[in-house]
Structure formats: structure tokens, C-alpha cells
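Notes follow the structure.
Quick note: the coordinates plus some simple rules give every number you see, no bench work behind them. Please read all numbers here as calculations on a predicted model, not as lab measurements. Positions of Cβ are backbone-derived with ideal geometry, glycine not excepted, and every protein chain shown enters the neighbour counts.
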Amino acid sequence: MNTPVDPTAARADYYRRIAASHLTPLWESMAALVPHAPRSPAVAHCWRYADLRDALLESGTLITAREAVRRVLILENPGLAGSSAITPSLYAGLQLILPGEIAPSHRHTQSALRLVVEGSRAFTAVDGERVTMHPGDFIITPSWTWHDHGSDADGPVVWLDGLDIPLVRFLDCGFAENLGDDVQPLLRPEGDALARYGSGLMPVGFVPAHGTSPVFAYPYARTRDALRQLARANSVDPHDGIRLAFVNPATGGPAIPTIGTTVQWLPAGFDGRPRRATDGTVFHCIEGEGEARIGDHVFTFAPHDTFVAPSWQATSLHAARETVLFAFSDRPVQQALHLWREERLA
Ligand code: 1HN
């Protein structure tokens, strides 16, 4: 009689032998590879500005913007330690610039967005045009455009950066270069892009140079006016309040091809219904205060706080006061690939 084979031991021995040839058995990992529904390694988290502001300002005593190139504290998802990512596809950070500093000009294939958090009269130059920053302004650096930052402010200026760094890393398509000079030459006066492309008008025969919105700065004053006007219409979505997407006026599509960006207004006392979607989303409170319920987590948020809702975790928003939230996600990428899903819950 042969000794019966212990299948567990035989398999373990087999896995060890094939591993030497860089082979692994699909049947051991199939369920994890093809889950029934998204099980994001990212976790819900809230970064409270009041808790981190001192540390951010302290970075200004330790390194200059020039030496750092970009003086940023990365908002790293606790579930994605070591990845510099806030969701599996997106990066976020808080950038500090002090009076008189320069963050030198460079370009990269990663797209970037800025949402100004505090301080006025810092500026960024993008592709030959400068824009002065004010709190709540939404500013875009399209893929492969020169950009540098500076500050004429008399105090610190901070903004939230969002980039598609993890996505570009995943696709192995990143390129970057330095201009060599600190600042790029300015080719147009400030305000040119907004007048030319962002006033419900468009140059006759305009041919876009790239997929990103030619309006590279969306001033908060205009955004806030639009929300103020719409708030009077009394048609508030039970899940989203009044939620508008920043768009490329040349296409009607997203302002940034790889990053969906929205602003939403919630009335005082708003008790939002939960929804979940496959695009893990970063929220930033511009005004107001409230509570975000994300999966099993509950976070209270106040102005300048940033929180993240991972893919497919039910999320509801509740406003103690009139509230404005900015948000960004990889939704345009998922939609282009026909992968995006949403569920609106009761
Ligand atoms: C970058 O260029 C900026 O231009 C901010 O402000 C953050 C993170 C990684 C790589 C490039 C900026 C960045 C970045």
C-alpha cells in the first residue's frame, strides 16, 4: 500500500518548486483577483487642518520652496502606506509657499490641480500665463505644461494639490523635466484665458492643443456666485445637494482628462442620503461644517479639512451650516473605460 498523499503538503511543496520559475497558482488568489465588488485597500480618513497646520508651517522653517522644489506634506492614505497615494489612483498634498519664495519651473506628464486653502497673492504661472490665487480658487496644471509658483503675499499661502501620480505610475508613462530658469516667460496678460475661453465665448476656429480645459483657473468668486444663484432654485438633490462639475468648455467633458472635479453646496441642516460609487473621492471643505459618514466611519469636518471616501463605500454628507465642498476623483478615467458604477441608497 502506498502512503496516502497529504494534498496540503503536496501542494505546498509544488508551489515552492514552481515559484523558482516565477509561476504561481491562480486558484489560490482568484477570489482576491476578481472580487465580487471593490474592496479598496484605501481606508476612509479625515485630515483636520487645525491639527496639521502647525506642522505644515514648521516645514517652512526647515526647508525653502526652492530647495524642496515643491514644499508639500503628502496626505497619504493610512491603508496605502509608502505609496504617496490618497486613493489607489490619486495623490494629494498640502503645499506651503512663503512671502518672496519661488518654486522653480518644471513640467511633467502628470496632471495637477490646486484648490487654494488659505492666503492670497501667491501666484502660479501655467503655460505662459500667471494667475493670482485666492481662497477657494480651482487651478489646473495640464499634463506637460511648464509651471512655477511664487508669492507676493505677506503671510503663508497654502493650497491642496491633487495629481494623477499613482495612475501615471501604474501606466508607466511618466516624463518630467526642469526648465532651467526659475520662472517661465509670460506670454499673455493675467486673465487672458478666463476672458478668452471661460466667458461663454470661444475664439472662432479654436483648435485645442490638449485635452485639458483652456480655462486653467476657475475663481471661487464666480463659482460661489453660481452656487448662490442655484441655491435659490430650491431643487437640492437628496444625495448631493447642488453639485456641479468643472468642465472643459471646449469639449463639455471634464476639466482635466484624468481627474473629475466638482463643487457642491449643501444647505444648513442638509441630511444627505448615502450613495456609493467606484471612484474613490477626495473631499475638501471650503466653507461650512458638518459630518461625513463613510462606511463605518463618521468624521466631523470644518473649513480646510480634507477627507477621503474609498471606492464603493457608502458615503453620506450632513451639513450643520451652509457648506461648500470641493471634490476630486478618477471618475473620467473609469467612465472612458465604461467601468464606473454608482448606487444611490435610500
Ligand atoms: C508638482 O509639480 C507640484 O507643481 C506639486 O506644485 C506636487 C508632487 C509630485 C510631483 C510633482 C507643483 C507635486 C508635483
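Here is how the numbers come out for the structure above:
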{"read-out": "Flag if Arg228 is closer than 28 Å to His338 by Cβ and basic (Lys, Arg)", "value": "no"}
{"read-out": "Scope the range 139-166; condition outside any loop (DSSP other than H, G, I, E, B) and touching a helix residue (DSSP H, G or I) at 6+ places or on another chain (Cβ under 7 Å); matching residues", "value": "Val158"}
{"read-out": "Residues located in the range 150-187, provided they are within 11 Å of the ligand (Cβ to nearest atom) and over 19 Å from the mean Cα position of the chain (by Cα)", "value": "Ala176, Asn178"}
{"read-out": "Verdict on Arg53 being crowded, with 16+ Cβ neighbours inside 10 Å, more than 12 Å from the ligand (Cβ to nearest atom) and either closer than 20 Å to Leu115 by Cα or aromatic (Phe, Trp, Tyr) (or both)", "value": "yes"}
{"read-out": "Unique match (being over 23 Å from Arg341 (Cβ atoms), small (Gly, Ala, Ser) and assigned to a loop (DSSP other than H, G, I, E, B)) among Gly82, Gly60", "value": "Gly82"}
{"read-out": "Contacts under 7 angstrom Cβ, first residue in the range 172-194 being under 11 Å from Val131 (Cβ atoms), partner polar (S, T, N, Q), 6 or more apart", "value": "Glu190/Thr132"}
{"read-out": "Count of residues meeting criterion [surrounded by 23 or more Cβ atoms within 10 Å (Cβ to Cβ), part of a strand (DSSP E or B) and more than 11 Å from the chain's Cα centre (by Cα)] in the range 308-318", "value": "3"}
{"read-out": "Odd one out for Val298, checked against (1) under 19 Å from Arg48 (Cα atoms); (2) among the hydrophobic types (A, V, I, L, M, F, W, C); (3) crowded, with 21+ Cβ neighbours inside 10 Å", "value": "(3)"}
